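The values are calculated or read from the model by the stated rules, or taken from the named source; none is laboratory data. Bear in mind the structure is a predicted one, so any value in this text is a computation, not a measurement. Backbone-built Cβ (ideal geometry, glycine too); neighbour counts: all protein chains shown. Heads up: the accessible areas ignore ligands, DNA and RNA and are worked out on the full protein's heavy atoms, side chains in. Shrake-Rupley method; radii C 1.70, N 1.55, O 1.52, S 1.80 Å.
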Amino acid sequence: MAKKQPPVQKNETIELTFEDITHDGDGVGKVNGYPLFVPYALPGEKAKVKVIKVKKNFGFGKLLHINQVSEHRVEPPCDVYIQCGGCQLQHMSYEMQLELKRNQVISSMKKIGHIEHAPVHATIGMDDPWRYRNKVQIPVAHRHGELITGFYRKRSHEIIEGMDRCVITAEVNDRMVEAVRRMADRLGISAYDEKAHKGVLRHIMVRTGQATDETMIVLITRTEELPHADKLVKELHETYPQIKSIVQNVNKARTNVILGKKTKILWGEEYIYDNIGDIKFAISAKSFYQVNPPQTKKLYDKALEYANLTGGESVIVAYCGIGTISLFLAKQAKKVYGVEIVPEAIADAKENARLNNIDNVDFYVGEAEKVMPWWKAQGLSPDVIVVDPPRKGCEQNLLDAMIEMNPERIVYVSCNPATLARDLKILEEGGYETKQLQPVDMFPQTGHIECVAQLEKKM
């Protein structure tokens, strides 16, 4: 039997009508049932498209000209939106972004989890979906005789020139990066050259407490010595009084990983502080801390609602990080047990509990899938288990441990609808029912979506 050929050829120019969109924001149009994925196209649009890649079951195209424009298309406010690729959805109205993210959760539940009985509520968005990030990490390079800063061009390690702002990060972060760049350039501090593995300054990181206006500058260097450090530090903190901490992080490795293991305080405090609701958090240079605290509050409020605590419950939090969600839960539970594999995160979690005078929470270093069976053997029987895993979701043995511990309720906080759906299916097979799901938009203008799921033990 003759092999069926795709109905389009590479480099062919075609007219295409878009009927769907991927979670990355690529428009989907079909030619005789053959899907073409085209960045920056929206459903309902008709456009001239150049076919750039053809595979057996699908292809990719490039948008040449839009003949019929969607009512949801907006003008991206970022000058380097196309080159950068960090925000995939700036060309889409915010209303459509929120609906897209809800549909992504619905689709994952149906296709992967085979879960259609649980309602997926409308995505909780932001009143102002711009300038929300409290942390920025910007690479440094040397070009045209001066230091330059900016994000890398999409799929490259080439810095985009002329980039002096990022429309999803706090304005103060833009100003701080530019101040460090300008001062370091004047002092003759060299930029890191990753090809030659020479030079000093690799990245500039800025962290800001949105509730406190406190700022931390982290200078990531290849070398132990930072030339003219005293002059740079003095000028920075004298010029910008909101700076409370200036830190050097040393990363000598040939690597794409930004932070190295060694950190030293050049001036000021080890921590800056921020609040989520009425809970205060200490943030160090290497702390994991949510980049969008106002939306984090909405996410955790929903997790708290789904936990349905009355004050007498024991709660386990797996992947507890620096204790953010654990401390929220501790306000309404009898006892909270947090477990996390990263020792530095647990140290931060204990410090945050002390900072807030919360003494009904214990934090443990270890793999949740190993610690939880040990807890069970010690007689710990939780009423509620809360999990907040990384994108890859929960390991099978952790899901088994959760089912074995037999809590009344499970609250699953997820940053990946696909692995959430996969894990919910396993938990449902283990005797739990998914009651409802709440998407929360933590990262406007991007394809990422957080979601909270509530599960209850089947009667």
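Listed by position, the strands (runs of 3 or more DSSP E) contained in the range 182-301 that have at least 3 residues being open to solvent by 60 Å² or more (accessible area, probe 1.4 Å) and of a type in the set (Ser, Thr, Tyr) form an empty set. Residues that are over 22 Å from Met92 (Cβ atoms) and of a type in the set (Phe, Trp, Tyr) within the range 3-30 are absent altogether. Would you point out which residue out of Glu369, Glu351 is within 30 Å of Val218 (Cβ to Cβ) and acidic (Asp, Glu)? The unique qualifying residue is Glu351.
When the range 312-343 is limited to residues that are aromatic (Phe, Trp, Tyr) and touching an Asp or Glu at 6+ places or on another chain (Cβ under 6 Å), the one that is farthest from Pro407 (Cα to Cα) turns out to be Tyr319. Is it true that Ala285 is under 26 Å from Lys334 (Cα atoms), in contact with a strand residue (DSSP E or B) (Cβ under 7 Å, 6 or more places away or on another chain) and touching a residue at least 24 places away in the same chain (Cβ under 8 Å)? Spelling it out, it is not the case that Ala285 is under 26 Å from Lys334 (Cα atoms), in contact with a strand residue (DSSP E or B) (Cβ under 7 Å, 6 or more places away or on another chain) and touching a residue at least 24 places away in the same chain (Cβ under 8 Å). Counting residues in the range 78-90 that are aliphatic (A, V, I, L, M), surrounded by 15 or more Cβ atoms within 10 Å (Cβ to Cβ) and in contact with a strand residue (DSSP E or B) (Cβ under 7 Å, 6 or more places away or on another chain) gives zero. Residue count for the range 408-430 under the criterion of being more than 21 Å from Val317 (Cβ to Cβ) and free of Cβ contacts under 8 Å to residues at least 60 places away in the same chain: the result is 1. Those residues that are of a type in the set (Asp, Glu) and open to solvent by less than 70 Å² (accessible area, probe 1.4 Å), I need them from the range 1-40; list them, please. Residues satisfying the conditions are Glu12, Asp26.
Checked against (1) within 23 Å of Ala118 (Cα to Cα); (2) within 23 Å of the chain's Cα centre (by Cα); (3) open to solvent by 30 Å² or more (accessible area, probe 1.4 Å), Ala421 passes all but a single condition, namely (3).
Scanning the range 338-365 for residues that are assigned to a strand (DSSP E or B) and either on the phi > 0 side of the Ramachandran plot or buried (at least 22 other Cβ atoms within 10 Å of the Cβ) (or both) returns Gly338, Val339, Glu340, Val361, Phe363. Filtered by the rule that a residue be outside any loop (DSSP other than H, G, I, E, B), crowded, with 24+ Cβ neighbours inside 10 Å and not charged (D, E, K, R), the range 439-459 gives Pro439, Val440, Cys451, Val452, Ala453, Leu455. For beta carbons closer than 8 Å, sequence separation of 6+ or different chains, a first residue in the range 171-199 that is over 24 Å from Glu224 (Cβ atoms) and a second that is of a type outside the set (A, V, I, L, M, F, W, C) and open to solvent by less than 30 Å² (accessible area, probe 1.4 Å), the qualifying pairs are Val172/Thr208; Val172/Thr215; Asn173/Asn134; Asn173/Thr208; Glu178/Thr149.
Exactly one residue out of Tyr364, Tyr432 is farther than 25 Å from Ala349 by Cβ and among the aromatic types (Phe, Trp, Tyr): that is Tyr432. Each residue in the range 147-164 was checked for being under 13 Å from His203 (Cβ atoms) and not hydrophobic (A, V, I, L, M, F, W, C), and 4 pass.
Only one entry in Ile112, Ile138 is crowded, with 16+ Cβ neighbours inside 10 Å, in a strand (DSSP E or B) and out of contact with any Asp or Glu (no Cβ under 9 Å at 6 or more places or on another chain), namely Ile138. Scanning the range 41-59 for residues that are surrounded by 19 or more Cβ atoms within 10 Å (Cβ to Cβ), in a loop (DSSP other than H, G, I, E, B) and out of contact with any Asp or Glu (no Cβ under 8 Å at 6 or more places or on another chain) turns up Leu42, Glu45. Looking at the range 153-173, is at least one residue closer than 18 Å to Leu236 by Cα and either open to solvent by 20 Å² or more (accessible area, probe 1.4 Å) or in contact with a Pro (Cβ under 6 Å, 6 or more places away or on another chain) (or both)? There is at least one residue in the range 153-173 that is closer than 18 Å to Leu236 by Cα and either open to solvent by 20 Å² or more (accessible area, probe 1.4 Å) or in contact with a Pro (Cβ under 6 Å, 6 or more places away or on another chain) (or both).
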